[in-house]
Each structure stands twice: as structure tokens, then as C-alpha cells.
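Here is the structure we will look at.
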Amino acid sequence: MKILSVETSCDETGAAIVSKNPHENYVKILSNVIASSLTLHSKTGGIIPDIAAREQLNFIIPVVGKAIKDSKIVIKDIDAIAVTLGPGFIGSLLVGVETAKTLAYLWNKPIIPVNHLLGHIYANWLVQEEVSKDLRVPKVSNGELKSPFDTSDTFDTFSTPKFPCIALLVSGGHTDLVLLKNHKQIQWIGGTLDDAAGEAFDKIGRLLNLPYPGGPSIEKVSERGDPNRFTFPRPMIGSKDFNFSFSGLKAAVAREVLKLKNPSKQQVADISRATQNSIIEVLVRKTVKAAKKHNVKSILLGGGVAANQKLKEEMRSQLSILNFQFHVPPAHLCTDNAAMIGAYAAFHYEKTQWNEITANPQLYF
Ligand code: KG4
Ligand code: ZN
């Protein structure tokens, strides 16, 4: 089965061709194209939805065309068109959804509507075409399996996540813990009560005058930071539930920045390091707690913040004493992309007619 997938929920315009055989437990990427308006938005320090949607209108047709061309398949080989219904910005979502509907009508293909959040989680089932011919996984200690995209490792055998799984979804708009008993039973068990982890990184990045988006900028300058110079709160770290809150952390950093008036380069690095440590400690503690409570076999990460090297390292170091498999997509599949939308669709081949779907900015679990 071959799926053309389209993703336009935020500022990226993505199209991909993915392929899955019925007996296989993974999804191959045949092509994955992304156009981003990030350079425009790094000038404004955040995404302006109208500008993002206008850029996406320009990008969408060339991006879909390139995805088909790169995959070396032809239109008649496409079995279905998957598209992100939500959540996201309405103008951006409309560009993807209306394009997918038009192509489905023109080419007489069914549509598979996809929740963007589940797409992030399903990035853990993706493999690259050339890798999947020779399925391998890195030799690692602690029984931990890594994505085959991590080319810094030596691979031997490949394994996809084993159910039940706990997924930590950490993106710019969401921080959620999700229990997957199988591909059909997917249950939200907790999430942020206010800011998402990525949002906290972005807002704190802005307070520190770092380039947008704040997450990668804070990760970069943290390398030079002293971890003991500042300590910020670990909000809700001891709470009994699986919820998060990051707005208090942002307020604590804002107070510190105000006190310092004009923080030096070193102080910015120190604050960044302390911010990153706070966010990561809470994320790791709650995820491991959820995994233990639900007695899962695998822990999965997904979403832009999962590209953070320190988060991955910290999660791995915790898991080395516990018996969970750990899966995290390579960085370029953690941030928004269309292949992950195709991955979810390939396991949920629930076909819909083009005129039965509508973009839904509020879509949740
Ligand atoms: O998943 P994503 O690409 O878009 C949404 O669906 O929101 O996530 C974007 C978020 C931004 O908040 C960005 O700052 C954060 O992911 N992010 C990171 C890193 N790379 C991206 N946060 C921390 N460390 C990173 N390396
Ligand atoms: Zn996303």
C-alpha cells in the first residue's frame, strides 16, 4: 500500500510518499519533502498564522509534486491520500486539507484523515527505504533499541515498538502522555495544564533574546552553561497524576532576567542550562512513572522537543536501570513532517470520501 501524505498544521508544508506491506510492522519512507517559512518567522520571533498560511499556499503544489517525483512512483500507484485534520492553525490546516480533497476528487483516491498528535507518535514506526531493505538496529547496551536513522550507530537487527507503550509527545503546542495498548486502543493519560514544553522553551528563548525557535537555541547555548549557577522550579514533579505545568517556570526565569537587567552571554548560557534541566527532569520523571504504572514494554518520544539531545540522553540513562525498550525518531522526524502522518495512516487504513472531511483546529485525543 502506498500513501501520499500531506502536513500543514503549523508553519511547515510537508508531503511524503510512504509504503507498507500488510505483513510488515513498519512503514517505509519513499520520499519526505518539507518547505518551511522558519526564516521569515525567526525575524518575527514567532509564527504569524496568516503569513504561514500564505507561504503554504505557494509551497503546497510544488512540495506534493516533488514528493511524488522523489518517490519514483506514479499517481496511479497511490492507494490513498492522508492529511492532517488538526490540531493547528485554521488557515494552515485548510491549505493541506483542501489540497488533499481536491487531489482525491481529481485522482479518485480515498482520504485518510489524521490527528497531527498521533502522527508525531507514529514517527517511531518509520524507516527509510534503503534501511528497510536490510533491517538493522544499533548495537547498544541496556537492551535499548534506537531508530535506524541514527547513522552514528552500528546497526544489526531492527525492531519496532512493542505494545503496550507509553508515548511522551512534546511539541510546540502539546505535552501529553499517551498509553498505546495496541494500534486501536490509544488513551491519553495526562498533559500540560498550561504551556507546552516547546512553548516554554520558545517563550524563555525570547526572554533571553535567543533566536526563534527557542528549543534548539537554548540547547545550543546550554552547552556553555554552568548547571549550578541557577535553579528553577520543577513544576508538578511530585504530583500524583500525569499532568504537567510549565508557566511557573517561565515566570521564575522572567523574574531572574528582570533582576539581572541585562544578562551577560555567560548568564544567558547558565539560565538556559538551568531551564533545560528543569524541563527535562520533569518530563523524564513523569514518563518513567507512567511506564511503571502501566507496566509497558516500550517508551516512545515524539514531537519537536524530542529532538533535544539532553532529553534523549537523560531518558536513556534512566532506562538503563529499568527494563523498557526506548524509541525516539531521528531529529528530522521529531519536528513536523508528512511521513509521520503517512505512518499513522498506514496502520489506520480507514478510508473516507473527499467530501466527508473538514479541518479541525481543536482536534485532540
Ligand atoms: O513538533 P514541532 O515541530 O511542531 C509542533 O507541532 O509544535 O515542535 C516545535 C517545537 C518548538 O517549540 C521548538 O522550540 C521545539 O519543538 N524544539 C526543541 C528542539 N528542537 C525543536 N526543543 C528543545 N530542544 C530542541 N533541540
Ligand atoms: Zn507537531
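Scanning the stretch 228-266 for residues that are open to solvent by 50 Å² or more (accessible area, probe 1.4 Å) and farther than 25 Å from residue 291 by Cα returns 228, 229, 231, 250, 255, 258, 259, 261, 262, 264, 265, 266.
What are the residues in the stretch 168-201 that are outside any loop (DSSP other than H, G, I, E, B) and within 13 Å of ligand 2 (Cβ to nearest atom), if any? Walk me through it before giving the result.
Of the stretch 168-201, the ones outside any loop (DSSP other than H, G, I, E, B) are 168-170, 175-180, 186-192, 197-201.
Scanning the stretch 168-201 gives 169, 170, 175, 176, 197, 198, 199.
Here the condition is being modelled with pLDDT of 95 or more, among the acidic types (Asp, Glu) and either out of contact with any Gly (no Cβ under 8 Å at 6 or more places or on another chain) or assigned by TED's automatic domain parsing to the domain that holds residue 52 (or both); of 134, 195, 156, it holds for 195 alone.
For a quick check of your reading: which helices (runs of 4 or more DSSP H) sit entirely within the stretch 16-127 and have at least 1 residues that are surrounded by fewer than 22 Cβ atoms within 10 Å (Cβ to Cβ) and without any contact (Cβ under 8 Å) to a residue 60 or more places away in the chain? Full working, then the answer.
On the way: elements: 38-44, 49-71, 90-107, 116-122.
Of the helices (runs of 4 or more DSSP H) lying wholly inside the stretch 16-127, those with at least 1 residues that are surrounded by fewer than 22 Cβ atoms within 10 Å (Cβ to Cβ) and without any contact (Cβ under 8 Å) to a residue 60 or more places away in the chain span 38-44, 49-71, 90-107.
Count of the stretch 281-313 residues, restricted to those that are in contact with a His (Cβ under 7 Å, 6 or more places away or on another chain) and free of Cβ contacts under 8 Å to residues at least 24 places away in the same chain, is 0. For residue 213, the stated conditions hold: it is modelled with pLDDT under 95, within 13 Å of ligand 1 (Cβ to nearest atom), crowded, with 17+ Cβ neighbours inside 10 Å and not β-branched (Val, Ile, Thr). Quickly run through the stretch 290-345 and pick out the residues that are within 12 Å of ligand 1 (Cβ to nearest atom), buried (at least 18 other Cβ atoms within 10 Å of the Cβ) and of a type in the set (S, T, N, Q). If the condition is that a residue be within 12 Å of ligand 1 (Cβ to nearest atom), buried (at least 18 other Cβ atoms within 10 Å of the Cβ) and of a type in the set (S, T, N, Q), then 308, 335, 337 are the ones that fit.
Could you name every one of the helices (runs of 4 or more DSSP H) located completely within the stretch 258-365 that has at least 1 residues being away from ligand 2 (no atom under 15 Å from the Cβ)? Give the derivation first.
On the way: elements: 265-293, 309-319, 331-334, 339-347.
Correct list: 265-293, 309-319, 339-347.
Among the residues of the stretch 235-256, those identified as part of a helix (DSSP H, G or I), in contact (Cβ under 8 Å) with a residue 24 or more places away in the chain and not aliphatic (A, V, I, L, M) are 247, 250, 256. If the condition is being in contact with a helix residue (DSSP H, G or I) (Cβ under 9 Å, 6 or more places away or on another chain) and closer than 18 Å to residue 77 by Cα, then the stretch 18-38 contributes 18, 19, 20, 27, 28, 29, 30, 31, 32.
Residue check: residue 271 meets all listed conditions (1) surrounded by 23 or more Cβ atoms within 10 Å (Cβ to Cβ); (2) outside the structural domain of residue 203 (by TED's automatic domain parsing); (3) in contact with an Asp or Glu (Cβ under 8 Å, 6 or more places away or on another chain) but one, namely (2).
The values are calculated or read from the model by the stated rules, or taken from the named source; none is laboratory data. Since we're looking at a predicted model, the values are computed, not measured. Quick reminder, even Gly has a Cβ in these numbers, built from the backbone with ideal geometry, and neighbours come from all protein chains shown. Accessible surface areas use protein heavy atoms only, side chains included; no ligands, DNA or RNA. Shrake-Rupley method; radii C 1.70, N 1.55, O 1.52, S 1.80 Å.
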